[in-house]
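Here it is: the structure, laid out below.
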There are 2 protein chains.
Amino acid sequence: MKKQYAIDEWHIIEDHFNPENQKGSESIFSLGNGKMGQRANFEEDFSGETLQGTYIAGIYYPDKTRVGWWKNGYPEYFAKILNAPDFTGIHVFADGEMLDLAQWKTTSFERVLNMKQGILKRTFTAVSPHGKEVMVETERFLSMVDKDVAAIQFSITPVNFSGEIILSSYLNGKVRNEDSNYDEMFWDVLHTENKKDAILLAETKKTAFQLCYAMRNRLLLHENELGVHPDLQQNDVKVQSSFARHVAKGEKLTLEKYVGVCSSLNHEKEALVENAVLQANKAINKGYQTLKAAHIRFWAKIWEGCDIVIKGDPAAQQAIRFNIFQLNQTYTGDDPRLNVGPKGFTGEKYGGTTYWDTEAYCVPFFLGTASPEITRNLLIYRYKHLGKAIENASKLGFKNGAALYPMVTINGEECHNEWEITFEEIHRNGAIAYAIYDYVNYTGDERYFAEYGLEVLIGIARFWAQRVNFSGQKQQYVMLGVTGPNEYENNVNNNWYTNYLASWCLKFAGEVFTKVEKMDALRLSEIEEKTGFKREELQEWNKIYSNIYLPEDKKQGIFLQQDGYLDKEQQLAKDIPVSERPINQHWSWDRILRSVFIKQADVLQGMFFFEQEFTKEQLQRNFDFYEPRTVHESSLSPCVHSILANSIGRNDKAYELFLRTSRLDLDDYNHEVDEGLHITSMAGTWMAIVQGFGGVRVRNGMLSFAPKLPDGWQWFSFKLNFRNRILKVEVAKDSVLVSIEKGPSLTILLYGSEIVI
Amino acid sequence: MKKQYAIDEWHIIEDHFNPENQKGSESIFSLGNGKMGQRANFEEDFSGETLQGTYIAGIYYPDKTRVGWWKNGYPEYFAKILNAPDFTGIHVFADGEMLDLAQWKTTSFERVLNMKQGILKRTFTAVSPHGKEVMVETERFLSMVDKDVAAIQFSITPVNFSGEIILSSYLNGKVRNEDSNYDEMFWDVLHTENKKDAILLAETKKTAFQLCYAMRNRLLLHENELGVHPDLQQNDVKVQSSFARHVAKGEKLTLEKYVGVCSSLNHEKEALVENAVLQANKAINKGYQTLKAAHIRFWAKIWEGCDIVIKGDPAAQQAIRFNIFQLNQTYTGDDPRLNVGPKGFTGEKYGGTTYWDTEAYCVPFFLGTASPEITRNLLIYRYKHLGKAIENASKLGFKNGAALYPMVTINGEECHNEWEITFEEIHRNGAIAYAIYDYVNYTGDERYFAEYGLEVLIGIARFWAQRVNFSGQKQQYVMLGVTGPNEYENNVNNNWYTNYLASWCLKFAGEVFTKVEKMDALRLSEIEEKTGFKREELQEWNKIYSNIYLPEDKKQGIFLQQDGYLDKEQQLAKDIPVSERPINQHWSWDRILRSVFIKQADVLQGMFFFEQEFTKEQLQRNFDFYEPRTVHESSLSPCVHSILANSIGRNDKAYELFLRTSRLDLDDYNHEVDEGLHITSMAGTWMAIVQGFGGVRVRNGMLSFAPKLPDGWQWFSFKLNFRNRILKVEVAKDSVLVSIEKGPSLTILLYGSEIVI
């Protein structure tokens, strides 16, 4: 089979049109600027298979939960980032025939995503059913500088005829989510207008977010503006400006479309229309090239701080840039109300909401590639939801300010809809505490503990202290009825990872308490009062921490994923027939649940988080036991195994797992890229290089490196943003160069030896 | 609080009208004849809270499953017995005012269910908003003799005025299920006609069952037929015959309504209308009193074989008759395509489909109270579904003819919609095998093994043999990921009840195999060929049976509900605050799952099934451990505990639990009678008397008794249908009389001593 995309260091290139892959390519070529994003839907009509997708950060709809039998404590809705009204659309008619690549014959086709510049471009020639041939060039971007602005340049040239070309540029409020529990419409269009500016004002049902688009268009012939006035149309849900012009063979007619996109998340409702109009007008006045140049400059700056260069492995080079690019499109860190959805702005699945992916994967990425404020905003997102997390826990019967952060959320309320996840996959609570540790450990910003961290940690520790119970049988604290990271098991007892993480949280919360006490006693009193904290709680936490039950098999020297794991029929993933992989698409849920197979790193996820607490031999034994049983059917899994494989010298395994994670979407390993990209796991790919091949760790505030060059690579380099510096690490076959690109000198550990750079 | 219903030996009496309790009373006063049934909705209009309910046995709709995230192997629909078109309705106008007890003032009211006769009667006087007073008497029944016929007699007498009375008798096809996953209509009305006969023909969507009603009406004044021709009306969904007549004060106007009810389950579609018309005409020609007399005679015959008489405890007397009455209304045993839904014909909940309730509770009841064919038909129902059970299992990944009977079904396909039940509450498969044992043990009909039983047992045994796995850790066979009868725990390992029952099935299937081999070697070869049976399977079954892991706590001498049960925080049900009971209405599902509390008999259910395999001391220890932890929030639970309490001499406990089960609906213990009655658990009430206080067992074909008179009772008697005899057992304070009412003499065990009666 021909690969869908050509390998290139800075570009994703699709050099042939395959209608069957349109949905996949719509995902791959997605654009975003942190505030909005969209799939690479064609501007012109397309009657083939497509998933229309335009998403505005933070604008969601609470879709009533769909469960078989309702039980107390089930969340009432699943929040969904909505498919917003479409602003890219342009109906194109050539001599009366509507351009539609599902009906026309494409004679040449190229779609290019320029990752260096953040520009999506498409060039094709196509022949209509009646034989009219046109050449089309179209380019667009969502401005990283003027974040409320989208710009599109659509050019068409008649190749074998002269005739009338109509370009109808529109805004369309009639959109649906494919993912809708009860097949409802989520938007009401409040107002349409088409005078000087075309305006569409829409409001979400239930949540009443408002979104306004204002559109301006400019028509050019061979780059020269035509003073043409469009025909203005509108109905209840759509506004449209139509330009009709007779074009001679070989003449290029270009439409520039500028859209101002403003939502009530960032503007007063009363001023929405005005602001959107202002944005559109500012944009058209600046002009396409000016906007584009600023946008490209912005991207250059991003790359300056986070590029990874790989020599000798162009597929890996392309993949890692694609991952870094998509992450930067998804989250820009300037608004603590926003977060990183598992699919970012590239699809509807998972609702664009926040999972523990953020803390476990995205936090290390943003710590390493951007200034600390960006990550800090991700943490503050959770701080702002603390009240809701306490409410979530109390709905389940927990007391005294215990906080359970949701598995899936957008506004702090739980909105997953499977009890085995909602109530039970509670390890996410630990990941949120871990991210606080991670952030402070990396940045040295201990003030964060006092300002925000401790309050969150108290809520989380209280939850764990109530969630365990003392087993009379075992004379230890146990945790019953949980789901670990391995979601191919539900409702298990004593998941090692969860128990370990929970007890660590109890210890860490106590340590931070003591730190804040020393650092800022006044602030501590404030926190104690606010949370109704009693010092006995510290003793209670310590009692649990020091007597938690952690299942292990002493004979094999391994930790046990959960009680009873060894009662399962012991099988290895390599023995599953290829035709039955991924098992979640071929096996019944019953069979999966009862099998020994692990969806994603579970015990090993814990050993990854707390690597320094285990010996290399322990790590080896557990890796050798669990890796062969892990099917990696979560995108979050291979990167962790890859990093650990590097730690224990399994270099081939490390590279194999890295490849799997880095080209997951480009090569569509899981046959699901049509649904959107695996945005959060892209951070794992970055980790696999930086923490894996780069061997980067921060221990006690000191940055350490132990790079290894994978066999097939000639050379690689990565950047690190670390405590007001930008470091560059260059790894060759027989040399490692660590240099400071920006900032003061630094003492680091390189393969265990201190050096000053 | 005034009790809603007066205590009476043969009647349920509601002597005041309470609109808030209308839905509850609609359930309590339900009528049925095994082929159809209906809630006690008023004939006249009622604008208050009501649950309209008419149900035709076997007519169902596959309502698309509603789950959060679909996974492989999930059932596609939940089959629902539908709310069928309404045939009871009569609009009543008195001098222009529509009779509606939600608007009129009721000055007297009595609703009586005559359980001896199977007749529902209602008498009331009511005053209209404009002061018109009427007296109404209405009576109806669903004929037990002419099972396609319903008859209603509706009389109205103006009390304080003379004026026009309009009685509009109708058939209405515009009905909805309250329980609908996507709020769809389930019926299409195909045809309405109102000439000599009023006809309504409707068809279910998707399943295309057809149902035809034909209606005839007769108008009488003081019992004298008036030759009045009604005004005939019809529209797309309704046919109506309206009688208008000026009635003088004190004159009684009576409408007799006869409805023929025929479905395509029992008639060719082409002949449906004809047959319904025939039934309605036969009925009107026989006349109300003749139909009624035959119906009453039929009920007298039923009671002859199954009545239980209790002296000294009228509440218990009423309750047990209510339970026996409702069971006989629900299932009459003449059609092996039908079964006993948990709510029978009294509500929509649970969809009117078949659960393991049938095998565990209803089979003993019908064995004890009716001729063996009735129970045999319940067993054949499952035999007919064997192919589907094999299909169900194969969808989950089981092979080689393994059969998994569904948790919920109507046509053999699984249609529950929670994985933790569908895939995991597999003990039902054992109950189906157990019912075969039960039936043959009770009736002595060993031919059943050869004709039907063995095939089913092979399928079931094959399932268990594949469902267990050998644990390298334990060196025993284990069963992972199940839900026991205690649904307040899901996905547990080694549920003692399930493991015990499964291993018994393997042994029993082997024994039956040997029996059939001796009895009918030819038939055995047939079965072997049909099922592809290999003799090695017997060895495999035996290997598992003899080395199954059964969790126990040797220190306390108890069996453990499941692995890890003793890790839970040990609490007792008596310590739950009353305000938090039932816990399923007050606690989050999370809290319930992790608590020690048991919804219904689990280990004790197993000890009940296999009582003879345990010592009395074992039974006592387990009862004393589990009863205090059991909250009995399933209607199926208290009866089993009651029977066991009797076995170990806990007489007070036995009586307390009996009361709870017997008056569950009449006293609405669980605040849910408005949804319908707990039909299947009513069989448990019967068991609590016969097996509990009566101490009835059948061991090795011999009937044994060990009656005990509960403290408050003066005397009780029950009948038993046993091997072509009807026995009567009379228990007084100091005497027990066992006599044969019909059939040859018999040797029985009374308190362990053989006697011939």
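Assuming B:Arg111 fulfils every condition listed in (1) within 14 Å of another protein chain (Cβ to nearest Cβ); (2) not in a loop (DSSP other than H, G, I, E, B) apart from one, which condition is it?
Status for B:Arg111: all satisfied but (1).
Hey, which of the strands (runs of 3 or more DSSP E) in the stretch A:647-743, taking only ones fully inside, have at least 1 residues that are among the charged types (D, E, K, R) and farther than 30 Å from A:Tyr350 by Cα?
Because the criterion is at least 1 residues that are among the charged types (D, E, K, R) and farther than 30 Å from A:Tyr350 by Cα, the strands (runs of 3 or more DSSP E) in the stretch A:647-743 that meet it are A:697-699, A:715-722, A:725-732, A:736-742.
Sticking with this one: I'd like to verify a number: residues in the stretch A:520-577 that are among the hydroxyl-bearing types (Ser, Thr, Tyr), under 30 Å from A:Leu454 (Cβ atoms) and not in a loop (DSSP other than H, G, I, E, B), how many?
Of the residues in the stretch A:520-577, 3 are among the hydroxyl-bearing types (Ser, Thr, Tyr), under 30 Å from A:Leu454 (Cβ atoms) and not in a loop (DSSP other than H, G, I, E, B).
Could you check B:Ile156 against (1) more than 19 Å from B:Glu256 (Cα to Cα); (2) crowded, with 22+ Cβ neighbours inside 10 Å; (3) of a type outside the set (Phe, Trp, Tyr) and say which number it fails?
(1)
Given the conditions (1) of a type outside the set (Val, Ile, Thr); (2) in contact (Cβ under 8 Å) with a residue 40 or more places away in the chain; (3) away from every other protein chain (no Cβ under 14 Å), and given that A:Lys518 satisfies all but one, which numbered condition is not satisfied?
So the condition that A:Lys518 fails would be (2).
Right, here's the next one. Within 18 Å of the chain's Cα centre (by Cα) and at pLDDT 95 or above: does that describe A:Phe365?
So A:Phe365 fits the description; yes.
Which condition from (1) surrounded by fewer than 17 Cβ atoms within 10 Å (Cβ to Cβ); (2) part of a strand (DSSP E or B); (3) touching a residue at least 24 places away in the same chain (Cβ under 8 Å) is the one that B:Gly131 breaks?
Unmet for B:Gly131, out of (1) surrounded by fewer than 17 Cβ atoms within 10 Å (Cβ to Cβ); (2) part of a strand (DSSP E or B); (3) touching a residue at least 24 places away in the same chain (Cβ under 8 Å): (2).
Return yes or no: is A:Pro582 loosely packed, with under 14 Cβ neighbours inside 10 Å and within 14 Å of another protein chain (Cβ to nearest Cβ)?
no
Return yes or no: is A:Asp63 over 22 Å from the mean Cα position of the chain (by Cα) and either surrounded by fewer than 24 Cβ atoms within 10 Å (Cβ to Cβ) or within 14 Å of chain B (Cβ to nearest Cβ) (or both)?
It is false that A:Asp63 is over 22 Å from the mean Cα position of the chain (by Cα) and either surrounded by fewer than 24 Cβ atoms within 10 Å (Cβ to Cβ) or within 14 Å of chain B (Cβ to nearest Cβ) (or both).
Scan the stretch B:624-648 and report the pairs whose first residue is under 13 Å from B:Phe608 (Cα atoms) and whose second residue is in a loop (DSSP other than H, G, I, E, B) and of a type in the set (Phe, Trp, Tyr), with Cβ atoms within less than 7 Å and a gap of 6+ or a chain change.
Taking only residues 6 or more apart or on different chains, not a single pair turns up.
Name the one entry in A:Ile421, A:Ile458, A:Ile436 that is within 19 Å of A:Ala360 (Cα to Cα) and either surrounded by 22 or more Cβ atoms within 10 Å (Cβ to Cβ) or over 22 Å from the mean Cα position of the chain (by Cα) (or both).
Answer to the selection: A:Ile436.
Same structure again: Applying the selection to the stretch B:396-428, what residues are modelled with pLDDT under 95, of a type in the set (D, E, K, R) and part of a helix (DSSP H, G or I)?
B:Glu420
A further question on this structure: Condition first: within 16 Å of A:Gln240 (Cβ to Cβ), in a strand (DSSP E or B) and in contact (Cβ under 8 Å) with a residue 60 or more places away in the chain. Now tell me which residues in the stretch A:187-203 satisfy that.
Within the stretch A:187-203, A:Val189, A:His191, A:Ile199, A:Leu200, A:Leu201, A:Ala202 qualify.
When you scan the stretch A:662-697, how many residues do you find that are closer than 12 Å to A:Ile28 by Cβ, touching a strand residue (DSSP E or B) at 6+ places or on another chain (Cβ under 8 Å) and of a type in the set (Lys, Arg)?
0
Have a look at A:Ile426, A:Ile374 and point out the one that is away from chain B (no Cβ under 13 Å) and hydrophobic (A, V, I, L, M, F, W, C).
Matching residue, one of A:Ile426, A:Ile374: A:Ile374.
In the list B:Thr358, B:Thr375, which residue meets the criterion of being under 12 Å from the mean Cα position of the chain (by Cα) and either among the hydroxyl-bearing types (Ser, Thr, Tyr) or in a loop (DSSP other than H, G, I, E, B) (or both)?
B:Thr358
Residues of the stretch A:553-569 being surrounded by 15 or more Cβ atoms within 10 Å (Cβ to Cβ) and within 14 Å of another protein chain (Cβ to nearest Cβ), which ones?
A:Ile558, A:Leu560, A:Gln561, A:Gln562, A:Asp563, A:Gly564, A:Tyr565, A:Leu566, A:Asp567, A:Lys568
Select from the stretch A:205-225 the residues that are assigned to a strand (DSSP E or B) and under 26 Å from the mean Cα position of the chain (by Cα) and write down the one among them that is surrounded by the fewest Cβ atoms within 10 Å (Cβ to Cβ).
It comes out as A:Gln210.
Is it fair to say B:Thr409 is surrounded by 24 or more Cβ atoms within 10 Å (Cβ to Cβ), within 26 Å of the chain's Cα centre (by Cα) and more than 14 Å from chain A (Cβ to nearest Cβ)?
When the stated conditions are applied, B:Thr409 passes them.
Here is a further query. Within the bounds of the stretch A:627-634, is there any residue that is in contact with a Ser or Thr (Cβ under 8 Å, 6 or more places away or on another chain) and modelled with pLDDT of 95 or more?
Checking the stretch A:627-634: at least one residue is in contact with a Ser or Thr (Cβ under 8 Å, 6 or more places away or on another chain) and modelled with pLDDT of 95 or more.
Among the residues of the stretch B:738-757, write down those that are surrounded by 12 or more Cβ atoms within 10 Å (Cβ to Cβ) and within 33 Å of the chain's Cα centre (by Cα).
Listed by number, the residues that qualify are B:Val738, B:Ile740, B:Glu741, B:Lys742, B:Gly743, B:Leu746, B:Ile748, B:Leu749, B:Leu750.
Let me ask something else. Could you check, for the stretch A:608-626, whether at least one of its residues is of a type outside the set (A, V, I, L, M, F, W, C), within 30 Å of A:Phe345 (Cβ to Cβ) and not in a loop (DSSP other than H, G, I, E, B)?
No, because not a single residue in the stretch A:608-626 is of a type outside the set (A, V, I, L, M, F, W, C), within 30 Å of A:Phe345 (Cβ to Cβ) and not in a loop (DSSP other than H, G, I, E, B).
Please enumerate the residues belonging to the stretch A:160-178 that are buried (at least 16 other Cβ atoms within 10 Å of the Cβ), assigned to a loop (DSSP other than H, G, I, E, B) and touching a strand residue (DSSP E or B) at 6+ places or on another chain (Cβ under 7 Å).
Those that are buried (at least 16 other Cβ atoms within 10 Å of the Cβ), assigned to a loop (DSSP other than H, G, I, E, B) and touching a strand residue (DSSP E or B) at 6+ places or on another chain (Cβ under 7 Å): A:Gly173, A:Val175, A:Asn177.
OK, next. Can you find, within the stretch B:145-159, the residue that is nearest to the chain's Cα centre (by Cα) among those that are within 19 Å of B:Asn285 (Cβ to Cβ) and not in a strand (DSSP E or B)?
B:Lys147
Just checking: which of the strands (runs of 3 or more DSSP E) contained wholly in the stretch A:31-72 hold 1 or more residues that are charged (D, E, K, R)?
A:60-64
OK, next. Scanning for something crowded, with 24+ Cβ neighbours inside 10 Å, in contact with a helix residue (DSSP H, G or I) (Cβ under 6 Å, 6 or more places away or on another chain), more than 10 Å from chain A (Cβ to nearest Cβ) and part of a helix (DSSP H, G or I), does the stretch B:464-483 turn up at least one residue?
yes
Given the residues A:Ala509, A:Ala502, A:Ala461, which is the only one that is more than 10 Å from chain B (Cβ to nearest Cβ), in contact with a Cys (Cβ under 7 Å, 6 or more places away or on another chain) and not in a loop (DSSP other than H, G, I, E, B)?
The unique qualifying residue is A:Ala461.
Of the residues that sit in the stretch A:595-628 and are within 14 Å of chain B (Cβ to nearest Cβ) and either out of contact with any Asp or Glu (no Cβ under 8 Å at 6 or more places or on another chain) or within 17 Å of A:Trp504 (Cβ to Cβ) (or both), which one is surrounded by the fewest Cβ atoms within 10 Å (Cβ to Cβ)?
The qualifying residue surrounded by the fewest Cβ atoms within 10 Å (Cβ to Cβ) is A:Phe625.
The values are calculated or read from the model by the stated rules, or taken from the named source; none is laboratory data. Not measured: the values here are computed from a predicted model. Quick reminder, even Gly has a Cβ in these numbers, built from the backbone with ideal geometry, and neighbours come from all protein chains shown.
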